[in-house]
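Heads up, the thing below is written out as structure tokens.
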Amino acid sequence: MRLPCDVEIQNRMLPSHGMIKRGRSIRASIVIGRRPLAGNSEGGIFLAICTAKDRDGAKYCLKGNVVKIFGRFVQEGKATIRIHEPAQDVCISKADPLQLKVLLTAVNLAHRDQDLPNVQLSSLVPAKQSQVERPKTNVVIHRRQDYPITTGFPQRMEFLQVNGCSLKKVDSRILKAKHLKRLDLSSNSICEIPGNLDQLTNLSELNFSHNQLQYLPVGLCKSLHLVRTLQCLNISHNHIKHLPFELVNLARLVRLDISHNSLETLPDNFGKLHHLRFLNMSGSDIKFVPSSFSKLRLEELDLSGCDSALFAASRSIDIPDTPKHVPKLVELAGRTVITAKLPFTEGDIPVTLCFYLSPSRWHWCFQGTPISVEGHPYGTFAVPMDLSQIAHTVTSSDFQRRAAPILMKGYFCSYKCQVMFTGGGYAR
């Protein structure tokens, strides 16, 4: 068997001579095999450590020569084999946990001079150059002919960039890269983001810009792992018309680029992205932002090329004096849940009420009372909102619009809420 890993050799005799030297781990390939004797008879079992400088490998006899095996952190791919002669410690790291367990079991059996029935022993031939090189962690592909067809992707790949290769869909082999942290598939022809991206348990950056996407899948926003790890999402220059309410499940998002799509609205609960700091909405057709938008605290907001209807410089507000209709029972129930601060779980309240509360909208008194999808007794209105209260830096194609307010879609939950709006400085 052959185990690729990082190895550090520590000489235990150095401290007794007043020398303390900490080594450095190097890429190696560990092999267990027999050293052949004269007459083709079988020799003893040895542990060989092959490196790029010594592909023949330093060999250690195992029979009665192992002092102790330290395997407490074997699940993390780490272990130490203490050799009696020479007095050295073989420190192993960055190894596959399953293969490492097999290796340690084989070393223990060889030390006791027992048979190794389930281990295929090597003939201790020199390692190939590819077996002792560090695995590639960054892969960048800009041409179709460079795309791997038969070779596959490196197992420990952390960054993958594939641009201009006319990919129609996401390669299923990419989803097997468990160490992948950054995935850039921009400038292709991908029409759909697969729902099983949850297999990439360490993914923090995702770039699907300049593709043919029609929508952002709900499954991506509900991914068990991505809701904890994803920090940057770029879906710009596509054909997306709507964003799902479940987008706010990606609570760790810091940077979001939704520019140059066909978006006309944002989810009503968009302001729940509390960690969001960089938002690019340039080139969109958005005419209103939801009232929860005022809850954002951004470093940068890009509104370049947005529809002029988004800016409120010349828009008037018509506020009726009387309510439109009496609140529905589900709306009153929703207010009770909010007021009592009940958890939004299906085990505590009816499923229909959970669905009703999921896109909870904010009204002008900002108390969190839910508003029905069909409307509200005191109506829906567009009012100006000062961008300086939301973003530190605002970018716009028109310099004068950087200081201009934008239109925010709000709701009145009661006559008292309407009075707070008209008399509290919100109305212009």
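Just so it is clear, none of the values below were taken in a lab; they were calculated from the coordinates. Everything quoted here is computed from the prediction, not taken from an experiment. Glycine also receives a Cβ, built like all others from the backbone with ideal geometry; neighbour counts cover every protein chain displayed.
Amide H of Gly305: which non-local residues (sequence gap of 5 or more, or other chain) have their own amide H closer than 5 Å, using H built in the peptide plane?
HN-HN under 5 Å from Gly305: Gly283, Ser397, Asp398.
With a/c under 1.5 counting as rounded, go ahead and sort the stretch 138-263 into rounded, prolate or oblate using the C-alpha gyration tensor (a ≥ b ≥ c being the square roots of the eigenvalues; past the cut-off, prolate if a/b is larger than b/c, else oblate). Don't skip to the answer; put the middle values down first.
Details: a/c = 1.95, a/b = 1.26, b/c = 1.55.
Note, shape of the stretch 138-263 comes out oblate.
Starting from the Cα of Lys78, draw a straight line to each of the lysines and keep only those under 17 Å, dropping any in the same chain fewer than 8 residues away.
Filter leaves Lys68, Lys94, Lys101.
What order do you get for Thr51, Thr150, Thr395 when you list them from fewest to most C-beta neighbours inside 10 Å? Could you put the intermediate results ahead of the total?
Values: Thr51 17, Thr150 4, Thr395 13.
Fewest to most other Cβ atoms nearby, the residues stand as Thr150, Thr395, Thr51.
Which of Cys221, Cys165 has the fewest other C-beta atoms within 10 Å, and how do the rest follow up to the most?
Lowest count first: Cys165, Cys221.
Classify the stretch 44-174 as rounded, prolate or oblate from the Cα gyration tensor: take a ≥ b ≥ c as the square roots of its eigenvalues, call it rounded if a/c is under 1.5, otherwise prolate when a/b beats b/c and oblate if not.
It comes out prolate by the Cα gyration axes.
Hey, can you grab everything whose amide H is under 5 Å from the amide H of Leu298? Only 5+ residues off in sequence or another chain; H modelled, so Pro and N-termini drop out.
Ala391, His392
Sticking with the crude label model, points 7 Å out along Cα→Cβ, report the distance from Phe73 to His274 in nm, one decimal please.
3.4 nm
Just to verify a number: FRET efficiency for Gln114 and His392, C-beta to C-beta distance, R0 = 56 Å, to 0.05?
Efficiency, rounded to the nearest 0.05: 0.25.
Compute the separation of the alpha-carbon centres of the stretch 241-288 and the stretch 80-158 and state it in Å as a whole number.
If we compute the Cα centre of each part, the gap is 45 Å.
If you place +1 on the Cβ of every Lys and Arg and -1 on the Cβ of every Asp and Glu, how big does the dipole about the Cα centre of the stretch 138-263 come out, in debye to the nearest 20?
The dipole of the stretch 138-263 has a size of about 220 debye.
Quick one: which residues, 5 or more positions from Leu167 or on another chain, have an amide H under 5 Å from its amide H? H modelled 1.01 Å from N in the peptide plane, none for Pro or chain starts.
Counting only residues 5 or more places away or on other chains, the set is Ser189.
Given contacts defined as C-alpha pairs under 8 Å and at least six residues apart, what's the relative contact order of the stretch 92-204, whole-number percent? Write out the running numbers ahead of the final one.
Working: 131 pairs, mean separation 21.1, N = 113.
Value for the stretch 92-204: 19 percent.
For Ile149 and Cys165 in the same chain, what is the full-extension length gain: residue separation times 0.36 nm, less their Cα-Cα distance, in nm?
Stretched fully, the Ile149-Cys165 segment lengthens by 4.5 nm.
Can you pull the one-decimal nm distance between simple spin-label points at Lys178 and His84, each 7 Å off the Cα toward Cβ?
For Lys178 paired with His84, the spin-label model returns 3.6 nm.
Taking the number of other C-beta atoms within 10 Å as the exposure measure, put Tyr215, Tyr60 in order starting with the fewest. Please report the intermediate quantities before stating the final value.
Numbers: Tyr215 16, Tyr60 19.
Fewest-to-most ranking of Tyr215, Tyr60: Tyr215, Tyr60.
From the backbone phi of the stretch 269-283, what are the Karplus-calculated ³J(HN,Hα) couplings (6.51 cos²θ - 1.76 cosθ + 1.60, θ = phi - 60°) in whole Hz, Gly and Pro given as x?
Along the stretch 269-283, the couplings run 9, 4, x, 7, 7, 5, 8, 5, 10, 10, 10, 10, 10, 5, x Hz.
What pairs in Lys178/Lys341; Lys59/Lys181; Lys176/Lys272; Lys176/Lys222; Lys176/Lys287; Lys222/Lys295 have C-alpha atoms more than 30 Å from each other?
Lys178/Lys341; Lys59/Lys181; Lys176/Lys272; Lys176/Lys287
Only loop residues by DSSP count here, and only those with at most 13 other Cβ atoms within 10 Å; note down the trypsin sites (Lys or Arg not before Pro) in the stretch 86-185 that meet that.
In loop regions of the stretch 86-185 (DSSP not H, G, I, E or B), the sparsely surrounded trypsin sites (Lys or Arg not before Pro) are Arg112, Lys128, Lys136, Arg143, Lys168, Lys169, Arg173, Lys178.
Calculate the dipole size of the stretch 2-132 relative to its Cα centre from +1 charges on Lys and Arg beta carbons and -1 charges on Asp and Glu beta carbons; express the result in debye to the nearest 20.
Charge dipole of the stretch 2-132: 320 debye, to the nearest 20.
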